[in-house]
Amino acid sequence: MDFYGTKGRIFNIQRFSIHDGPGIRTIVFFKGCFMRCAWCCNPESQSYEIQTMQENGKEKIVGQDVTVAEILPELLADENYYWRSGGGITLSGGEILGQPDFARDLLRACKQNGLHTAVESTANAPYENIEKILPYLDLYLMDIKHMDSAKHKEFTATGNERILENAKRLATSGVELVIRTPVVPGFNDTAEEIRAISKFAATLPGVREHHLLPYHRLGQDKYAGLDRNYALKGIEPPPQEKMEYLLSVAEESGLKCQIGG
């Protein structure tokens, strides 16, 4: 089992989560991301480098190098909760496809131990990196943030062409694929923009769900801790009535749509 020695860089392990997949889950957060989303709630995830940030007036080291074998016991510690709730392990970030070998081998170890596996990813990477993880993956939670590449680049620093093409390929891979959209005021919170995303999602074979994730500012203080400016300062989260309206727009696609997830 040489793959248990594969190394990766993470910045957090969150236990007892009820988001990012079914049931009670443990989420492993990878360090490093290809994108720079203006609303990112984990700015400490963006750089692959190990960093020092201020948190509650104290210095905190963000990032550690681990092997699959070193973190697997922590992931298995709550397996009784996974069985009872239908939960499991989710890999998130950052962008897990920036470390495809570590992602593959960590998922492989989880499957070998009978755990449900999921990833949260934009799929903004070469498809061969995605293919590495598919044999060990039960659920792919894929962000599609906007259909217009220019606006996508303005708010995330990258275009969306590769993302949309990989969504089409993933939809024929056999893995369960759920499309998720962070709803961000000023970026994609109009009926036309949400309708376009959901309409595209409905064309993907096997995709049955589209989740709308309301923008929030829970990570705003982290930017100050990293001596960075928060680009969306002053932007308010969308009100509930706005989210319910956009949900009704998304449902025009015929997909099962929900707020959150």
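Counting every alpha-carbon pair across the chain, the share separated by more than 31 Å comes to 23%.
Placing a pseudo-label 7 Å from each Cα along the Cα-to-Cβ vector at N113 and Q54 gives an inter-label distance of 3.8 nm. Under a 5 Å amide H cut-off, with hydrogens placed 1.01 Å from N, V183 pairs with L213, Y215 among residues at least 5 apart or on other chains. Relative contact order of the chain, taken over Cα pairs closer than 8 Å and 6 or more residues apart, is 18 percent. Scanning residues 5 or more positions from E95 or on other chains, those with amide H under 5 Å from its amide H are G32, C33, F34, with H placed 1.01 Å from N in the peptide plane.
For segment 218-233, putting each phi into the Karplus relation 6.51 cos²θ - 1.76 cosθ + 1.60 with θ = phi - 60° gives couplings of 5, x, 4, 5, 5, 5, 4, x, 9, 6, 10, 8, 8, 5, 9, 4 Hz, in residue order, rounded to whole numbers and with x for Gly and Pro.
Ignoring aspartates and glutamates fewer than eight residues from K153 along the same chain, the ones with Cα atoms less than 14 angstrom from its Cα are E161. Here the gap between I61 and I18, fully extended at 0.36 nm per residue and compared with their Cα-Cα distance, gives a gain of 12.8 nm. Listed cross-link partners K7/K111; K111/K199; K199/K233; K151/K199; K111/K222; K60/K242 are compared with a 27 Å cut-off, the Cα-Cα value being larger for K111/K199; K199/K233; K111/K222; K60/K242.
Structural descriptor for segment 1-119: relative contact order 34 percent, calculated from alpha carbon pairs under 8 angstrom and at least 6 residues apart.
Every read-out reported here was derived from the displayed coordinates using simple, explicitly stated rules and does not represent laboratory data. Computed from a predicted structure; not experimentally measured. Glycine gets a Cβ as well: all are built from the backbone with ideal geometry, and neighbour counts include every protein chain shown.
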